[in-house]
Amino acid sequence: MKDNKFLTLGIETSCDETAISVVADGREVLSNIISSQIDIFKNYGGVVPEIASRHHLENINGVLDAALKEADVTMDDIDLIGVTMGPGLVGALLMGVSTAKAVAYASGKPIVGVHHLNGHISANYIQHPELEPPFMALITSGGHTEIVQVDDYDKLTVLGGTRDDAVGECYDKVARVLGLGYPGGPKIDRIAKEGNPEAVHFKRVFLEKDSLDFSFSGLKTAVLNYLNSEKQAGREINRADVAASFQQAVMDVIVKKAMDACEIRNEKKLVLAGGVAANSKLRAMLDEECAKRKIALYYPAPVLCTDNGAMIACAAYYKYMKQGPDGLDMDAYPFLEL
Amino acid sequence: MEFKRIVTIENEEETRAFGMELAKNAVPGQVIALMGDLGTGKTALTRYIAEGLGITGRISSPTFTIVKEYHSGRIPLYHFDVYRLAGDNDILSGQDISGEEGRPIRERAMDELFNIGADEYFDGDGLTVIEWADLIEEALPEDALKIYMEYGEKEDQRIYKCTF
């Protein structure tokens, strides 16, 4: 406790980022350190975050110190340690979980394991202090495309997900064949603004009637086939038009499914989470469709869309308040289901 | 590279038949390495191998998590996609754009693979299928079944060149 506030330390290492944050009373961010976004590591030895646990190992103590220092607290002030326990890369997850357990054991503070996707959803509690469950959530990122019904802070039900590629993955791969580079999401989003979304028709894959699942693998192949056939015909490719048409095909499906989910469950609140929540086309289309249906749309600031410790601290805080602590025998689960 | 078998696949149904056959012959500790560009059907073929093993549930792309495990079939399936092990680099061009000079992409990818514990999977009690295996070819077991997947002349046609 500090200034009569309950302090949660949130640790996130499920993928590329080593991220640690201190959050007060579940929603007030005191510090939010993300390894790729600070320069101190580049200054001593050029540690570029990659997916290996080795990089988390090199980063994690420095990130922890920086998170405590920026929040102007010490471990004594911390009341709870929250950590991502899955899903993710096993080696990467283990670095976070082992660190959390070591700190919990040494300090005698309680520990709580958090599902990574619940973390992403919880980023919205930080952004919007008035937001409370129930609501519908749409999670779109490099690794996830899910529609989740949130009935309470710790009661989440997956209504639909991708059957093949995640939407962010599809963006990265299409960006690659268009020669736009990595990461694909922002690059396609940017160039698509100069293109005609109706220039090329790519089939929208809605799957079975009433299904809230997604399939993006066929769309990726359709873009490849289009580019190959244009090349063979000797025609010049307008990358902006292809990017705009591809993006339209993706977003038409995502927006329709998100609206269907709200309608089926009669939800009047829609919450966006994950990296693709920063996509301008997705936001514009959802703004319009939600306004028509009088659905309130929530999304986090870009820094809270990417992997971060604050969202994990927030999710851990609410889980602890509902269910109490986990044991020190908690573990990393690379294939954890929601 | 010497190929024992070159198969022309005309449609999805033939992909399925090919995957089912691989599954039927699969034994614990076997590694199937899929090499081919985007859209040649690596994930689709893996999905049919999974079906052939009797695995129920969704087989989604493991690109993000590098590996996914499935335990509901005749033997476990370890589905790898090593695409992201190249970091921000373009796998096929081999061009290193990350600025970490002096460390070739392949060498780094191999390090990452080791960190994930891939060798334990390869020698494990299940079938390992690896997408984008070109990137980690040096790390593959000697007896890995390699399939080079290429586009055919027609839109849906694919050529599988097999080393077995």
The number of residues in segment A:167-185 that are facing another protein chain (nearest Cβ under 7 Å) and closer than 18 Å to A:Ala277 by Cα is 2
Is at least one residue of segment A:256-267 within 14 Å of chain B (Cβ to nearest Cβ) and surrounded by 15 or more Cβ atoms within 10 Å (Cβ to Cβ)? no
With the first residue restricted to segment A:94-117 and required to be in the same structural domain as A:Ala67 (by TED's automatic domain parsing) and of a type in the set (S, T, N, Q), and the second required to be at pLDDT below 95 and crowded, with 18+ Cβ neighbours inside 10 Å, Cβ contacts under 6 Å at 6 or more apart or on different chains are A:Thr99/A:Ile60
Going through (1) surrounded by 14 or more Cβ atoms within 10 Å (Cβ to Cβ); (2) assigned to a loop (DSSP other than H, G, I, E, B); (3) at pLDDT 90 or above one by one, B:Pro62 fails only at (3)
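Let's see how each residue does on (1) over 21 Å from A:Asp172 (Cβ atoms); (2) outside any helix (DSSP H, G or I):
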position: A:Ser229; (1), (2): yes, no
position: A:Ala244; (1), (2): no, no
position: A:Val253; (1), (2): no, no
position: A:Met259; (1), (2): yes, no
position: A:Cys262; (1), (2): yes, no
position: A:Glu267; (1), (2): yes, yes
Going through segment A:236-273 in order, the residues found to be out of contact with any Asp or Glu (no Cβ under 6 Å at 6 or more places or on another chain) and more than 30 Å from A:Leu131 (Cβ to Cβ) are A:Glu236, A:Asn238, A:Arg239, A:Asp241, A:Val242, A:Ala243, A:Ala244, A:Ser245, A:Phe246, A:Ala249
**Request:** Check segment B:112-131 and report whether any residue there is under 19 Å from A:His55 (Cα atoms), modelled with pLDDT under 65 and out of contact with any Cys (no Cβ under 9 Å at 6 or more places or on another chain).
**Result:** no
* Asked: over 30 Å from A:Pro133 (Cβ atoms), part of a helix (DSSP H, G or I) and more than 13 Å from chain B (Cβ to nearest Cβ) - does that describe any residue in segment A:197-212?
  -> no
Considering segment A:294-308, residues that are in contact with a helix residue (DSSP H, G or I) (Cβ under 7 Å, 6 or more places away or on another chain) and assigned to a helix (DSSP H, G or I), and then whichever is surrounded by the fewest Cβ atoms within 10 Å (Cβ to Cβ), we arrive at A:Pro302
With criteria (1) touching a strand residue (DSSP E or B) at 6+ places or on another chain (Cβ under 6 Å); (2) farther than 20 Å from A:Asn118 by Cβ, A:Leu338 comes up short on (2)
Out of curiosity, is A:Val271 in contact with a Leu (Cβ under 9 Å, 6 or more places away or on another chain), over 15 Å from A:Met136 (Cβ atoms) and either crowded, with 21+ Cβ neighbours inside 10 Å or not assigned by TED's automatic domain parsing to the domain that holds A:Arg163 (or both)?
-> no
When (1) within 29 Å of A:Ala222 (Cα to Cα); (2) not in a strand (DSSP E or B) are applied to B:Lys146, the one that fails is (2)
Among residues of segment A:309-338 being within 14 Å of another protein chain (Cβ to nearest Cβ) and of a type in the set (A, V, I, L, M, F, W, C), the residue surrounded by the most Cβ atoms within 10 Å (Cβ to Cβ) is A:Ala332
Taking segment B:113-136 and the residues there that are in a helix (DSSP H, G or I), within 14 Å of another protein chain (Cβ to nearest Cβ) and charged (D, E, K, R), the one that is surrounded by the fewest Cβ atoms within 10 Å (Cβ to Cβ) would be B:Glu120
When A:Leu207 is run through (1) at positive phi; (2) of a type in the set (A, V, I, L, M); (3) within 24 Å of the chain's Cα centre (by Cα), the failure sits at (3)
When (1) of a type in the set (D, E, K, R); (2) in contact (Cβ under 8 Å) with a residue 60 or more places away in the chain; (3) within 13 Å of another protein chain (Cβ to nearest Cβ) are applied to A:Asp189, the one that fails is (3)
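The values are calculated or read from the model by the stated rules, or taken from the named source; none is laboratory data. Being a predicted model, the structure only gives us computed values, none of them experimental. A quick note on method: Cβ atoms are made from the backbone with ideal geometry, for glycine too, and the neighbour counts reach across all protein chains shown.
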